[in-house]
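Read the structure below first, then the notes.
No value in this document is a laboratory result; all are computed from the given coordinates. Everything quoted here is computed from the prediction, not taken from an experiment. Backbone-built Cβ (ideal geometry, glycine too); neighbour counts: all protein chains shown.
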Amino acid sequence: MNEIALTVHQTARPDGFPTTGDFSFVESALPEPAVGSALVENLYWSVDPYHREMMDDVPGGFTLGAPLEGRTIGRIVASRTPRLAEGEIVFHRSGWRTHSVVTPDEIRRLPRFEGVPLSAYLSILGGTGLTAYVGLTRIARLQEGDDLFVSAAGGGVGTATGRFARLLGAGRLVGSAGSAAKAGHLVREVGYDAVFDYHEGPAAELLEKAAPDGIDVFVDNVGGDQLAAAVGALREHGRIVRIGTLSQYNTSKTPPPDFDYAHIVEKSIRMEGFLVRNYLDVQEELYEFAVPHLQSGRLVPDATVVDGFEHIVDAFLGMLRGHNTGKIIVRGHLSEPHANRTRE
Ligand code: NAP
């Protein structure tokens, strides 16, 4: 076990894209668990787009100069409660730090399925996969043969959506992503039929070329002009699954999408947003659906794994700029010190 603990704090509110200067790494002695709690050495961290929203001065946002939160998997290394045993692997939300003190009520025990790596509980079997699964099964209410368009198709939710949609019998699967390399991966590995780079022109034109016969479902991680394009491309009884608004997280200047509202009526379109935290009861169903496919190799988690906790901020910033393919995950392993490190 490492004898020091590192914790990431946010130190400034960004204007636009955040930078490494908005964070600091605070070094301290290992925290001592109080009676009734346990010390966890963290092994895997999730950094997520919603962390960018929490960096702003918003209700429930990150407090400056305090540890951040995030989904994490770790191993209990010292316990002062009979309800948590040393050596146990647990999931908790006190992330962005090498070590966390947790109580039994703050952790979740992860079921272990043979052949399924731990990191999958932060990607395809975790909140990311659950978001994709709920989006398809509960919000889109996907029917066999439905043609889909997925924005930010190369990210965690986007790749999981593509892979699940294939297994659920979707028809034509079209996506958008930020680079040709991502588009290639999505077509070759994930099962998309066509993927366009959204930088290459107006979204409506690119979508029209990729899905000339229209779409039944739009799974939207981005908003903006891709949402407007999808409204135009949707067929009668089309569904828009509003998952996120990546086009707005780093700018307050993006105008709302401009589309013909009459389409919503004339094509009987249903647009519905959701928060995955309101669908935690679907988690068991996701395991039942996905685990056999993971074990048979029909389903593969897409992830970009960044090694070393000291790279967690870079991993987060890189994800906002599209450096990840699949879910971005940070894997524990301390190496060189970080420039922004201070001692508590
Ligand atoms: P992700 O897609 O793995 O990572 C973010 C991706 O967004 C980047 O890789 C980048 O890929 C893309 N991006 C960044 N700026 C963009 C822009 N201006 N326009 C278009 N694409 C942009 O992240 P994720 O965790 O899977 O999350 C995807 C979406 O789901 C987010 O909107 C997130 O907030 C949302 N979400 C919602 C819920 C919920 O409960 N509703 C739960 C989880 C996630 P490119 O290279 O393609 O640009």
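The chymotrypsin sites (Phe, Trp or Tyr not before Pro) found in the stretch 189-286 that occupy coil by DSSP, while having at most 16 further C-beta atoms within 10 Å, are Phe259, Tyr261, Phe274. With R₀ set to 45 Å, the beta-carbon distance separating Val77 from Glu266 gives a calculated FRET efficiency near 0.15.
Secondary structure note: in the chain, about 50% of the DSSP beta bridges are antiparallel. Take the Cβ atoms of Ala29 and Val300, set R0 to 41 Å, and the FRET efficiency comes out at 0.50.
Full extension of the chain between Glu3 and Leu168 yields a length gain of 54.6 nm, computed as 0.36 nm times the residue separation minus the alpha carbon distance. Pick from Val134, Val116, Val330 the residue whose mean-square fluctuation is largest in a GNM of the chain, springs joining Cα atoms under 10 Å. Looking only at Val134, Val116, Val330, the largest GNM fluctuation is found for Val116.
Which loop GluC sites (Glu not before Pro) in the stretch 1-94, with loop taken from DSSP, have no more than 11 other Cβ atoms within 10 angstrom of their Cβ? Mind dumping the intermediate values first?
Values: sites: Glu3, Glu27, Glu41, Glu53, Glu69, Glu86, Glu88; in loops: Glu3, Glu69, Glu86, Glu88.
Answer in residue order: Glu3, Glu86.
One decimal place: the segment Phe274-Ser179 gains 31.4 nm when fully extended, by the rule 0.36 nm per residue minus the C-alpha distance. By the rule of a C-alpha distance below 20 Å, with chain neighbours fewer than 8 residues away ignored, the aspartates and glutamates paired with Lys327 are Asp48, Glu53, Glu69, Glu189, Asp197, Asp220, Asp302, Asp307, Glu310, Asp314.
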